[in-house]
Amino acid sequence: MPVPETLSVLGVTHATDGWTNTTQAILDKTGRRLLHQPSHPLAILKDLIFDEFPDFAHYDSLDPVVSAYQNFDSLGFAQDHPGRSKTDTYYINRDTLLRTHTSAHQLQLLAAGKERNGELLGRAKNGVAAPENERFLVAADVYRRDEIDASHYPAFHQMEGVCTFSRNEVRDQLCKTRDAEGPIASSAARLLDTTEIGASNPVQPEHSAEEAAVLAEHMKRTMNRMVVRILTKAVEAQRSSGALPAEGGQAEFPVRWIDAQFPFTSPSWEMEVLFQGEWLEICGCGVMKQTILNDAGTPGRIGWAFGFGLERLAMLLFGISDIRLFWSSDPRFAQQFSPGQINAFRPFSRYPSCTKDVSFWLPASGDFHENDLMDLVREVAGDLVESVRRIDSFAHPKTGKISQCFRITYCSMDRNVTNGEINAIQERVRSDMVGRLGVSLR
Ligand code: PHE
């Protein structure tokens, strides 16, 4: 695809190269700053979580443009890790990209958190002095190339939590907490945890089995507490709005832990919570790779980290059914929320949707990736596109050429769209597919 010689992101100009695949439609998202609109559901959720961690430093203004080193290398991603590929990540150029996760800031904050410049805005709440480089939360917009439907959007938000200790603290304090608070399963969350630290989810050679176990327990306890408190608030809000009877709603939130793998933690887990009848995946987490702490200049410390997406939780808490709504500037969306409050979203009238199919032969080079089509449609149609789905694929029996058919559903969230407008968009999509993706239309 043709790219301009430079890209300007948040006022900074970057040279492009053969790796550049970030579209203007995506760059436009970097300036939206949804987490800084106090009445936006994502900002409300961010603040609720920040409030659960008063003695952590809070960062929510870190630049989305990071180096490949920050996003991948510093975290131990292998050179051939699929996350690095151009089909999954928005590159500004070979060395510079839009962060794909908030973990991209782990090393930088561990190493330099004490610096206070405009970029590193650690916020200590309740007058507690937060040791910025020892315990922190990072809330931020992140970017991933992905399919288009009601729950996927190429820009979304994550919350990262990092908590480190000196080894003495782990030995003395954490073990004491464990003794004082009793076994973790007796906390408010009913706990389903059959995971075992062992060969398939190992302790790092730098850590003792006891250190890993105590860190993991502290992490699980902290996260249970946070999730239970936020979900309890949501149920209380439903009660006080009359959506639930005074005593109604879920009182207990079973949590389950599942073994997982990340390049930057070991052992690693995923946390899920049963909310309104469904297991909701909350986050990935684990004991931080010691190499990261060593590289940050703090080899004497060990720690845990978690990271999770804010949209899915916000969709549940506020009853928001389409992820595009978070980006809507329709006042009928924005006016429904107020800082500090979880309340149910009242959907406004849905406009009719319209589907268009496009069938084509893939380029003979075989050089076609679905996510290129997704970005192309987003660029042309913006948020008028609701979903893009492959509905057919076959190989011609004689020529071996591959034909595919995609169904594009257009639907505006906030206005009436004419047939003429959709037809013009579909025509642009079709001609751009030929010009930029090298397909031949059927
Ligand atoms: N960064 C991971 C992701 O985006 C989540 C994670 C963060 C996992 C911290 C472990 C520790 O999926």
Q: Could you please give the count of residues in the range 154-183 that are away from the ligand (no atom under 15 Å from the Cβ) and either in contact (Cβ under 8 Å) with a residue 60 or more places away in the chain or closer than 30 Å to Arg99 by Cα (or both)?
A: 4
(Q) Can you pull out every residue in the range 335-388 that is in contact with a helix residue (DSSP H, G or I) (Cβ under 9 Å, 6 or more places away or on another chain), among the aliphatic types (A, V, I, L, M) and part of a helix (DSSP H, G or I)? (A) Leu373, Leu376, Val377, Val380, Ala381, Leu384
Q: Might you check whether a residue that is over 29 Å from Phe56 (Cβ atoms), among the hydrophobic types (A, V, I, L, M, F, W, C) and not in a loop (DSSP other than H, G, I, E, B) occurs anywhere in the range 320-327?
A: yes
Q: Tell me, yes or no, whether the range 173-187 has at least one residue that is under 27 Å from Gly309 (Cα atoms) and surrounded by 15 or more Cβ atoms within 10 Å (Cβ to Cβ).
A: yes
(Q) Can you confirm whether Glu421 is closer than 23 Å to Asp88 by Cβ and out of contact with any Gly (no Cβ under 9 Å at 6 or more places or on another chain)? (A) no
Q | Answer from Phe326, Phe337 - the residue that is more than 16 Å from the ligand (Cβ to nearest atom) and within 21 Å of the chain's Cα centre (by Cα) | A | Phe326
**Q.** the range 160-172, subset surrounded by fewer than 16 Cβ atoms within 10 Å (Cβ to Cβ) and of a type in the set (S, T, N, Q), residue nearest to Gln290 (Cα to Cα)
**A.** Ser166
(Q) Please determine whether any residue of the range 246-263 is surrounded by 17 or more Cβ atoms within 10 Å (Cβ to Cβ), away from the ligand (no atom under 16 Å from the Cβ) and basic (Lys, Arg). (A) yes
Q: Can you tell me which residue among Ala251, Ala213, Ala243, Ala199 is among the small types (Gly, Ala, Ser) and touching a residue at least 40 places away in the same chain (Cβ under 8 Å)?
A: Ala243
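Taking the range 181-198 as the search range and keeping residues that are more than 19 Å from Ile258 (Cβ to Cβ) and not in a helix (DSSP H, G or I), which one is modelled with the highest pLDDT? Show your work before the answer.
Applying the first criterion (more than 19 Å from Ile258 (Cβ to Cβ)) to the range 181-198 yields 181-183, 186, 188.
In the following step, the residues that additionally are not in a helix (DSSP H, G or I) were identified as 182-183, 188.
Working: Gly182: 64, Pro183: 60, Ala188: 50.
That would be Gly182.
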Q) Of Arg332, Arg312, which residue is surrounded by fewer than 21 Cβ atoms within 10 Å (Cβ to Cβ), within 16 Å of the ligand (Cβ to nearest atom), assigned to a helix (DSSP H, G or I) and of a type in the set (Lys, Arg)? A) Arg312
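May I ask you to verify whether Ile391 is touching a Lys or Arg at 6+ places or on another chain (Cβ under 8 Å) and in a helix (DSSP H, G or I)? Full working, then the answer.
Details: touching a Lys or Arg at 6+ places or on another chain (Cβ under 8 Å): yes; in a helix (DSSP H, G or I): no.
Taking the combined requirement at face value, the residue does not satisfy it.
In the range 13-26, what count of residues is obtained for those that are among the hydrophobic types (A, V, I, L, M, F, W, C), crowded, with 18+ Cβ neighbours inside 10 Å and either closer than 17 Å to Ser85 by Cβ or at pLDDT 95 or above (or both)? Explain how you work it out, then say what you get.
First, the residues of the range 13-26 that are among the hydrophobic types (A, V, I, L, M, F, W, C): 15, 19, 25-26.
From what's left, crowded, with 18+ Cβ neighbours inside 10 Å: 25-26.
Add one more test, that the residue is either closer than 17 Å to Ser85 by Cβ or at pLDDT 95 or above (or both), and what stays is 26.
So the count comes out to 1.
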Q. Any idea which of (1) over 30 Å from Gln336 (Cβ atoms); (2) away from the ligand (no atom under 13 Å from the Cβ); (3) surrounded by fewer than 15 Cβ atoms within 10 Å (Cβ to Cβ) is the one Leu293 doesn't satisfy?
A. (3)
Q: Those residues that are in contact with a strand residue (DSSP E or B) (Cβ under 7 Å, 6 or more places away or on another chain) and crowded, with 22+ Cβ neighbours inside 10 Å, I need them from the range 143-153; list them, please.
A: Tyr143, Ile148
(Q) What's the number of the only condition in (1) touching a strand residue (DSSP E or B) at 6+ places or on another chain (Cβ under 9 Å); (2) of a type in the set (Ser, Thr, Tyr); (3) within 16 Å of the ligand (Cβ to nearest atom) that Thr298 fails to meet? (A) (3)
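Take Phe360 and tell me if it is at pLDDT 95 or above, buried (at least 16 other Cβ atoms within 10 Å of the Cβ) and within 16 Å of the ligand (Cβ to nearest atom).
Working: at pLDDT 95 or above: yes; buried (at least 16 other Cβ atoms within 10 Å of the Cβ): yes; within 16 Å of the ligand (Cβ to nearest atom): no.
Taking the combined requirement at face value, the residue does not satisfy it.
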Q) Out of the residues in the range 365-406 that are small (Gly, Ala, Ser) and touching a residue at least 40 places away in the same chain (Cβ under 8 Å), which is surrounded by the fewest Cβ atoms within 10 Å (Cβ to Cβ)? A) Ser365
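Report whether or not Asp51 is more than 30 Å from Pro4 (Cβ to Cβ), assigned to a loop (DSSP other than H, G, I, E, B) and at pLDDT below 95. Give the derivation first.
Numbers: more than 30 Å from Pro4 (Cβ to Cβ): yes; assigned to a loop (DSSP other than H, G, I, E, B): no; at pLDDT below 95: yes.
For Asp51, the condition - more than 30 Å from Pro4 (Cβ to Cβ), assigned to a loop (DSSP other than H, G, I, E, B) and at pLDDT below 95 - is not met.
The values are calculated or read from the model by the stated rules, or taken from the named source; none is laboratory data. In this text the structure is predicted, and so the values were computed from the model without any measurement. Virtual Cβ from ideal backbone geometry, glycine too; neighbours counted across all protein chains shown.
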